[in-house]
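Just below is one structure, and these are the notes that go with it.
Here, each number is a calculation from the coordinates, and none is a lab measurement. Only a predicted model underlies this, so the values are computations on that prediction, with no experimental measurement involved. Here the Cβ is made from the backbone with ideal geometry for all residues, glycine too, and neighbour counts use every protein chain on show.
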Amino acid sequence: MTRSERTVDVLIVGAGPAGLAAGAELAAAGAGRIEILEREQEAGGIPRHCHHGGFGGRFTWGGADGPAYARQSVAAAVRAGAGLRTGVTVTGWAGPRTVETTGPGGLERITAGAVVLATGARERPRSARLVPGSRPPGVHTTGELQQAVHLYGQRIGTRAVVIGDEPVAYAAVDTLRAAGVHVVAVVTDRPAAPLRVRQRTPLLTGATVTGLTGRTRLSGVSLRHDDGRTTTLRCDTVVFSGDFVPDHELARRGGIILDPGTRGPAYDAAYRTSRPGVFAVGNLLHAVERAGVAADEGRAVAVSVLHRLSGTDEPPGGGRPLVVDAPLRWVAPNLTGPGGARPLKDRFVLRTARRLSGPLLVVSQDGRELHRQRLLLPAVPGRPFHLAAGWLDRVDPHGSPVRITAL
């Protein structure tokens, strides 16, 4: 089959909050021909099927609901002059900044002066979490649940169990209630949840899912409690929430170096990846943050892309890796870089695997302490916390990786 070829100034892969914000900012700055590709038939990303409020504001309340926010983001990108094509999938790479695509118009090869990856994140399904048992209908991730209810109007079930205690679990509870489903319980293997389940939904902490029962339809969720007890919750629906991973397949196919902690592309404060001229933004980098954070990164990457297009960007390389010690899980950005680039809001984002009460964060390199910072609030699993970036000027660009420890 014949494959057409063409060139654009900036190609953005992914039309969620990060990709749309990047497109709007670059088009408004006069960066040339900007094109955004989206494999779904409708642009807007995950907010399209998140019918709760809080989008576009500083907090998780108020603001627009997800579908309205998605429409506003699409309109802003198109109004600024960015081209937007939906139903187009990027299947691979044919060069350093050349991608191969397939869509309604057939096969295509697109070369860009700069590529921005904004492919987002996805929840790991039941199979990836190694939950044993049969595979009956009635098993969902939060995203699948929200799409089924809000996009397709499908019937879900009558009794549901939600697995997980991250904020997205409470969005799943709300979606189930909107569909008329009774929520039997929210279950977490952690000893205590960072948030309180609303409207008196039972919360079971310290409980691990050991199996699913049922054949023609899910009939129960088996649990093992920390004290050794075992129980089975009767239900016809289970929602596995949280446990997000970056949707990094395209980055991996391009040989882009991934960070072992975030499992997204390794990147510096200018959103540069290991491939020159290829940038990454949003939840591809650090699954998963709020849509507003992803959009802020999309706007921020425009400065780096403009430097790339004008030939005034810093040469690649020279950054030192940032590594964390357990129980910290990851830090983002995870590379320092030349040129004095600072992370968004002049702070790094971190996650922890277990609750830490007022931890002391220590940054060091080659045995030399660069910074220490006491957190006033607990650091809890599933929620971000931050480290000030004022120590970056003290990093030795020729030294070993920078280490971050929680004491």
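Kindly provide the pair-distance distribution of the stretch 344-406 built from C-alpha pairs, with 5 Å bins from 0 and whole-percent values in order of increasing distance.
Going from the shortest bin to the longest, the percentages are 4, 17, 28, 23, 16, 9, 3.
Given +1 on the Cβ of Lys and Arg, -1 on the Cβ of Asp and Glu, and no further charges, what dipole in debye does the stretch 344-406 carry about its Cα centre, rounded to the nearest 20? Provide the component values of the computation, followed by the final result.
Values: 11 positive and 5 negative charges, 83 e Å.
The dipole magnitude comes to about 400 debye.
Please give the contour-minus-distance gain from V303 to Q41: 0.36 nm per residue of separation, less the Cα-Cα distance, rounded to one decimal in nm. Let's see the in-between values first.
On the way: separation 262, 0.36 × 262 = 94.32 nm, distance 2.93 nm.
Gain on stretching V303 to Q41: 91.4 nm.
Using a Gaussian network for the chain with springs between C-alpha atoms less than 10 Å apart, which of these wobbles most: D393, D174, D165?
Maximum among the listed residues: D393.
For R329 paired with R354, estimate the spin-label separation in nm (one decimal), with each label point 7 Å from Cα along the Cα-to-Cβ line.
Reported label-point gap for R329 and R354 is 1.5 nm.
Specify which residue in the list G106, T210, L356 is farthest towards the positive end of the charge dipole of the chain, using unit charges on the beta carbon of Lys, Arg (+1) and Asp, Glu (-1), about the Cα centre.
So the residue we want is T210.
Sort 75-86, 297-308 by the packing proxy (mean of other Cβ within 10 Å over each peptide's residues), most packed first. Kindly include the intermediate steps, with their values, before the conclusion.
Details: 75-86: 17.7, 297-308: 22.7.
So the peptides 75-86, 297-308, ranked by packing, come out 297-308, 75-86.
I'd like the projected area of the stretch 1-90, averaged over all directions, using the convex hull of its alpha carbons. Report it in nm² with one decimal. List each step's numbers first, then the result.
Working: hull surface 25.1 nm².
Value for the stretch 1-90: 6.3 nm².
Need the full-extension length gain, T7 to R394, defined as separation in residues times 0.36 nm minus the C-alpha distance. One decimal, nm. Numbers along the way, then the final one.
Details: separation 387, 0.36 × 387 = 139.32 nm, distance 4.12 nm.
In short, 135.2 nm is gained.
At most 15 other Cβ atoms within 10 Å and a DSSP loop assignment: could you name the trypsin sites (Lys or Arg not before Pro) in the stretch 221-260 that fit?
Details: sites: R224, R229, R234, R252, R253; in loops: R229.
Hits after loop and neighbour filter: R229.
Which length gain, in nm to one decimal place, applies between T231 and E144 when the Cα-Cα distance is subtracted from 0.36 nm times their residue separation?
Answer, rounded to one decimal: 28.7 nm.
Given charges of +1 on the Cβ of Lys and Arg and -1 on the Cβ of Asp and Glu, with all other atoms neutral, how large is the dipole of the chain about its Cα centre, in debye to the nearest 20?
Numbers: 50 positive and 35 negative charges, 204 e Å.
Dipole of the chain, to the nearest 20 debye: 980 debye.
So for the stretch 125-240: antiparallel DSSP bridges make up what percent, rounded to the nearest 5?
Numbers: 11 of 26 bridges.
Looking only at bridges with both residues in the stretch 125-240, the antiparallel portion is about 40 percent.
Counting pairs of alpha carbon atoms under 8 Å apart in space and at least six apart in sequence, what relative contact order in percent does the stretch 294-346 give?
Numbers: 30 pairs, mean separation 17.3, N = 53.
Once normalised by length, the contact order is 33 percent.
Can I get the semi-axes of the chain's equivalent ellipsoid? Compute them from the C-alpha gyration tensor as square roots of 5 times the eigenvalues, in angstrom, largest first. Spell out each step's value before the answer.
Details: eigenvalues 255, 163, 66 Å².
After diagonalising the Cα gyration tensor, the semi-axes are 36, 29, 18 Å.
Extending each Cα 7 Å along its Cβ direction at R33 and I257, get the distance between those two points in nm, one decimal.
Each label point is offset 7 Å from its Cα along the Cβ direction, giving 3.3 nm.
Under 1.5 on a/c is rounded, so check that first for the stretch 125-240, then, if it is not, pick prolate when a/b is larger than b/c and oblate when it is not; a ≥ b ≥ c are the square roots of the alpha carbon gyration tensor eigenvalues.
Numbers: a/c = 1.71, a/b = 1.17, b/c = 1.47.
Here the stretch 125-240 falls in the oblate category.
For every helix of n ≥ 4 consecutive DSSP H residues, a contribution of -39,500 (n - 2.57) applies; sum these over the chain, divide by its total residues, and give [θ] at 222 nm rounded to the nearest 500 deg cm²/dmol. Kindly include the intermediate steps, with their values, before the conclusion.
Numbers: 6 runs with 69 residues, N = 407.
The helix-only estimate for the chain comes to -5000 deg cm²/dmol at 222 nm.
Which GluC sites (Glu not before Pro) does the stretch 98-165 hold that lie in a coil by DSSP with at most 16 other beta carbons within 10 Å? If you can, show how the numbers build up before the last one.
Numbers: sites: E100, E108, E123, E144; in loops: none.
For GluC sites (Glu not before Pro) across the stretch 98-165 that sit outside H, G, I, E and B with at most 16 neighbouring Cβ atoms in 10 Å, the list is empty.
Among P315, F244, L258, flag the residue with its Cα farthest along the positive direction of the charge dipole of the stretch 211-315, charges on Cβ as +1 for Lys/Arg and -1 for Asp/Glu.
F244
Hey, rough spin-label estimate for H386 and R124, points 7 angstrom out along Cα→Cβ, what's it come to in nanometres?
Going by the 7 Å Cα→Cβ label model, 2.9 nm.
Take every Cα pair under 8 Å in the chain that's 6+ residues apart, average their separations, divide by the length, and report that relative contact order as a whole percent.
15 percent
Could you please state, rounded to a whole Å, how far the C-alpha centre of the stretch 246-280 is from the C-alpha centre of the stretch 114-183?
27 Å
Loop sites only, by DSSP: take the chymotrypsin sites (Phe, Trp or Tyr not before Pro) in the chain that have at most 13 other C-beta atoms within 10 Å and name the longest stretch containing none of them. Walk me through the numbers before you get to the answer.
Values: sites that count: F59, W61, Y152.
Longest site-free region, per DSSP loop and neighbour criteria: 153-407.
Going by how many other Cβ atoms sit within 10 Å of their own, how do E40, E35 line up, fewest first?
Values: E40 15, E35 19.
Lowest to highest Cβ neighbour count: E40, E35.
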